[in-house]
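Here, each number is a calculation from the coordinates, and none is a lab measurement. Keep in mind that what you see is a predicted model, and the values were worked out from it rather than measured. Here the Cβ positions follow ideal geometry from the backbone for every residue, glycine too, while neighbour counts run over all protein chains shown.
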Amino acid sequence: MSALRLTPYHEIHRAHGGRLVPFAGWEMPVQFPGGIIHEHLRVRSAAGLFDVSHMGRFFFRGPEAIAAANQLITNDLTKLSDRQLLYSALCNPAGGILDDVTVYHLGDEVLLVANAANAERVWNWIQGHHPAGVRIEDATERLAQVALQGPRAEEALFAPFREAVADVGYYCHTRVSWRGETVLLSRNGYTGEDGFEIYVPRPLAVPFWEELMASGRAVGLEPIGLGARDSLRMEVNYALYGNELSLETTPLEAGLRWVVKFKKPDFIGKSALVAQRDAGVPRTLAGFEVLGKRLARHGYPIRAAGREIGFVTSGGFCPSLEKGMGMGYVPPEFADPGRTLEIDARGALLEARVVERPFYRGGSVRKN
Amino acid sequence: MQVPDDLRYTKDHEWVRREGDEFVAGITDYAQQQLSDIVYVELPAPGTPLTSGEPFGSVEAVKAVADLFAPLSGKVTAVNDALTGDPAAVNRAPYAEGWMIRGRAGDWTELDRLLTPEKYRALLAEVGGGAH
């Protein structure tokens, strides 16, 4: 048995009754005893704390750090101030998605956060593509990472963090000195709710979690597993690598055109994406509601007009809507809201209807 | 992890109880825990023939879908219609309100070949389910 990597919070998860499962080489909690629906609704109504320390955290340093990172991503880091971060795709020369990432403009350095499943690939890609003058660091072990999400996330924070984030806008960050170390917080997330991604130096990782759980108790803060993380993001139609995103899909197909900045002089994958923009995409993501009680699942074929036209990328039960929903790739002519599709659920055909995205619009996420 | 002593079990984590000429079946505590939040149970109509080891329905949970396999051959005589409005009963009480089908067995000797509670506990220990 190959050893699974453990985050600094592994023992805490176990003590909370977390069901620990292998995930991208790490042992992570998929849920706690309350269950996925409970956790999902807790994040929508109050606040939840996610251990996302399994994600890859990579720094670029030196005068050319911004330019070096910018060459790798489709979005444009040069448009940011040193208080901001962005979401982006990271493409290969063919425009295929190597990963989707958040990238922090930290002034003299850049932090790029990659999905756990792609962390090794992204690190190799960075090592192969950074100019000689840029120093890079894999800080995955040096820093823990947690996501605090929910309408009461800010209230859950304790001093000095709560005060420090008061003026921090959406997709902005701040650095806070705590017990002699620097903690980085940004207002963003993966749930459709207000909240923060927080990076804590490893020696303080556990004390930070414990203080936060204690201060958040008053607003109902609970630890949340990866199961609810997935249902929360699906309900607001955020893409998941391995589902909506892969080497075989481009950001234009995946509904991520907004993170492709064609005005940038150059970035890896630009020429392929320009060509696809001009020619038109062969397929696009559609969101659908399943009529009836059965659920669509990742990988099920999508049919229309008597033939297979695509496949489900994510599907399941949306606890806030109490409905079965899903997303999948279909030719653009089948992606209009109101269009009827069939989902092949292992031989049983489920009727589905294309709907507007996002599915869930009641979230507390800030737009400024 | 509950494994009641008065039931028989399948390796697919279903339970069966003989009640006179009929049997009642559902999924085990281990199965409901693995599936977690159950949101829909698809069951056959009364009268549907059953073949042991063959699928007769499915369980939709938030994270996954699982087939239900007939523990015995025979015929469905009734299904638990209450699960339509309250599928979470399977999570709460898999051996009671969470029952799934009632059936008439074609061959009761099949029951003797199902796992005893001791053997089922041993199976759970093997898959790591006994530790919780």
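Could you please report the charge total around residue A:339, scoring K, R as +1 and D, E as -1 over all other residues with beta-carbon less than 10 angstrom from its beta-carbon? Could the numbers behind the result be given before it?
On the way: positive: A:353; negative: A:333, A:336.
Here the charged neighbours net out to -1.
Can you compute the helix-only [θ] at 222 nm over chain A? Use -39500 (n - 2.57) per DSSP H run of at least 4 residues, normalise by all residues, nearest 500 deg cm²/dmol. Write down the numbers at each step before the final one.
Details: 9 runs with 76 residues, N = 368.
Helices in chain A give a 222 nm mean residue ellipticity of -5500 deg cm²/dmol.
Per residue of B:58-71, how many C-beta atoms from partner chains lie within 10 Å of its own C-beta, taken as a mean? It would help to have the intermediate numbers written out before the result.
Numbers: counts 5, 0, 8, 7, 14, 11, 4, 9, 0, 1, 0, 0, 0, 0.
That average works out to 4.
Which order do the peptides A:269-280, A:352-363 come out in when sorted by mean C-beta neighbours inside 10 angstrom, highest first? Mind dumping the intermediate values first?
Numbers: A:269-280: 14.7, A:352-363: 16.9.
The peptides rank, most packed first, as A:352-363, A:269-280.
Looking only at Cα atoms, what is the convex hull volume of the range A:282-368 per residue, in Å³? Intermediate results must be reported in sequence, preceding the final value.
Details: hull volume 8.8 nm³, N = 87.
Spread over its residues, the Cα hull of the range A:282-368 gives 101 Å³ apiece.
How do A:367, A:293, B:119 rank when sorted from fewest to most other Cβ atoms within 10 Å of their own Cβ? If you can, show how the numbers build up before the last one.
Details: A:367 6, A:293 16, B:119 13.
So the residues, fewest neighbours to most, are A:367, B:119, A:293.
Quick check on the range A:168-286: what are the equivalent-ellipsoid semi-axes from the Cα gyration tensor, as sqrt(5λ), descending, whole Å? Before the final figure, lay out the partial values.
Numbers: eigenvalues 261, 71, 28 Å².
In descending order, the three semi-axes are 36, 19, 12 Å.
How large is the direction-averaged shadow of the alpha-carbon convex hull of the range A:56-136, in nm²? Let's see the in-between values first.
On the way: hull surface 18.3 nm².
Result: a mean projected hull area of 4.6 nm².
Extension gain residue A:340-residue A:356, at 0.36 nm per residue separation less the Cα-Cα distance, in nm? Before the final figure, lay out the partial values.
On the way: separation 16, 0.36 × 16 = 5.76 nm, distance 1.32 nm.
Taking 0.36 nm per residue and subtracting the Cα distance, the gain is 4.4 nm.
Calculate, axis by axis, the spread of Cα positions in the protein assembly as shown along the three principal axes, and write the results as whole Å, longest axis first.
82, 55, 42
For peptide B:36-49, compute the average count of partner chain beta-carbon atoms within 10 Å of each residue's beta-carbon.
On the way: counts 8, 13, 3, 9, 6, 1, 4, 0, 0, 0, 0, 0, 0, 0.
Shielding by partners across B:36-49 averages 3.
Give me the compactness ratio for the range A:108-243, meaning the Cα radius of gyration over 2.2 N^0.38 Å. Kindly include the intermediate steps, with their values, before the conclusion.
On the way: Rg = 16.0 Å, N = 136, 2.2 N^0.38 = 14.2 Å.
Rounded to two decimals, the normalised Rg is 1.12.
Give me the dipole magnitude in Debye, nearest 20, for the range B:8-122 about the Cα centre, with unit charges on the beta carbon: positive for Lys and Arg, negative for Asp and Glu. Show your work: numbers first, answer last.
On the way: 12 positive and 18 negative charges, 55 e Å.
Roughly 260 debye, rounded to the nearest 20.
Sort A:91, A:172 by Cβ crowding within 10 Å, fewest neighbours at the top. Before the final figure, lay out the partial values.
Details: A:91 24, A:172 19.
Placing the least packed residue first, the sequence is A:172, A:91.
Would you mind giving the mean number of other chain beta-carbons within 10 Å of the Cβ of each residue in A:36-45, as a whole number? The partial results should precede the final answer.
Numbers: counts 5, 8, 1, 1, 2, 0, 0, 0, 0, 0.
For peptide A:36-45, the averaged partner shielding equals 2.
If neighbour count is taken as other Cβ atoms inside 10 Å, put A:261, B:11 in order from fewest to most.
With the sparsest Cβ surroundings first, the list reads B:11, A:261.
Can you compute log10 of I(q)/I(0) for the range B:8-122 with the Debye formula, treating each Cα as one identical point scatterer, at q = 0.21 Å⁻¹?
-1.15
Student exercise: in the protein assembly as shown, how many lysine pairs 8 or more apart or on different chains have Cα atoms under 29 Å apart?
Close lysine pairs under the 29 Å cut-off: 21.
What are the semi-axes of the equivalent ellipsoid for the range A:1-107, taken as the square roots of 5 times the Cα gyration tensor eigenvalues, largest first, in whole Å? Please report the intermediate quantities before stating the final value.
Details: eigenvalues 217, 63, 40 Å².
Each semi-axis is √(5λ); the values are 33, 18, 14 Å.
Amide H to amide H under 5 Å from residue A:345: which residues, 5+ apart in sequence or cross-chain, H placed 1.01 Å off N in plane?
Under 5 Å from the amide H of residue A:345: A:350.
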